[in-house]
């Protein structure tokens, strides 16, 4: 009974598109053990990282990473912005679809540093991309938005406004988790390709 009343209340406040997006994002949030925040390094910059120790030479890893970029993004020439085989560094700038209430894609910078039997991948720069407006740089402000919404919930005494704030917090967390899921999946796909490709 309560869930039906809550659902009707949500439908009154949000159109069907936002409700569907909310449901999808909540599902993504529950499948991801995060707190709704984007990962930041000690300088408060975006930092998604992964590493591996596949048993391949530096030259083999170079070829595998380039082959993965071709497979994942369709054309290594367009996605790779720097390729220094001697230094063991490939830099990639591309787009990935994301489940988010404001953006359809995330533009990212991915650096892969490699040597014999080892690689490290790091995603650093994120821009939210939408057909409605110019790209928006993502980072600390998305996490600050979560903190601000949590504070509103703690201090709001009006039940209706508090419920609206709770829904807004869940949407903001789910938006961030949609970004996290897409980028961690991208890093996981790279790891799988490197370790399995022959």
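The values are calculated or read from the model by the stated rules, or taken from the named source; none is laboratory data. A quick note: this is a predicted structure, and the numbers were derived from the prediction, not measured. With ideal geometry, Cβ positions are generated from the backbone for all residues, glycine too; neighbour counts draw on all protein chains shown.
Output the number of the condition that residue 108 fails; it satisfies all remaining conditions of (1) loosely packed, with under 14 Cβ neighbours inside 10 Å; (2) within 18 Å of residue 188 (Cβ to Cβ).
With respect to (1) loosely packed, with under 14 Cβ neighbours inside 10 Å; (2) within 18 Å of residue 188 (Cβ to Cβ), residue 108 is out only on (1).
Spot the failing condition for residue 68; the list is (1) modelled with pLDDT of 95 or more; (2) outside any helix (DSSP H, G or I), and only one is missed.
The single condition residue 68 does not satisfy is (2).
Restricting region 53-65 to residues that are outside any loop (DSSP other than H, G, I, E, B) and in contact with a strand residue (DSSP E or B) (Cβ under 6 Å, 6 or more places away or on another chain), which is farthest from residue 111 (Cα to Cα)?
Pass one, region 53-65, residues outside any loop (DSSP other than H, G, I, E, B): 58-65.
Add one more test, that the residue is in contact with a strand residue (DSSP E or B) (Cβ under 6 Å, 6 or more places away or on another chain), and what stays is 58, 61, 65.
On the way: 58: 15, 61: 14, 65: 11 Å.
Within region 53-65, the match that is farthest from residue 111 (Cα to Cα) is 58.
Scan region 132-143 residue by residue and report those that are in a helix (DSSP H, G or I) and farther than 16 Å from residue 41 by Cβ. Explain how you work it out, then say what you get.
First, pick out the residues of region 132-143 that are in a helix (DSSP H, G or I): 140-143.
Passing the criteria: none in range.
Mind telling me which of the residues 149, 163 ends up being more than 24 Å from the chain's Cα centre (by Cα) and assigned to a helix (DSSP H, G or I)? Reasoning before the result, please.
Numbers: 149 fails: more than 24 Å from the chain's Cα centre (by Cα).
On inspection, the qualifying residue turns out to be 163.
Name the residue that is modelled with the lowest pLDDT, counting only residues in region 71-94 that are part of a helix (DSSP H, G or I) and touching a helix residue (DSSP H, G or I) at 6+ places or on another chain (Cβ under 6 Å).
Taking region 71-94 and keeping what is part of a helix (DSSP H, G or I), we get 71-73, 76-79.
Checking the rest, the ones that are also touching a helix residue (DSSP H, G or I) at 6+ places or on another chain (Cβ under 6 Å) come to 73, 76, 79.
On the way: 73: 93, 76: 86, 79: 96.
This residue is 76.
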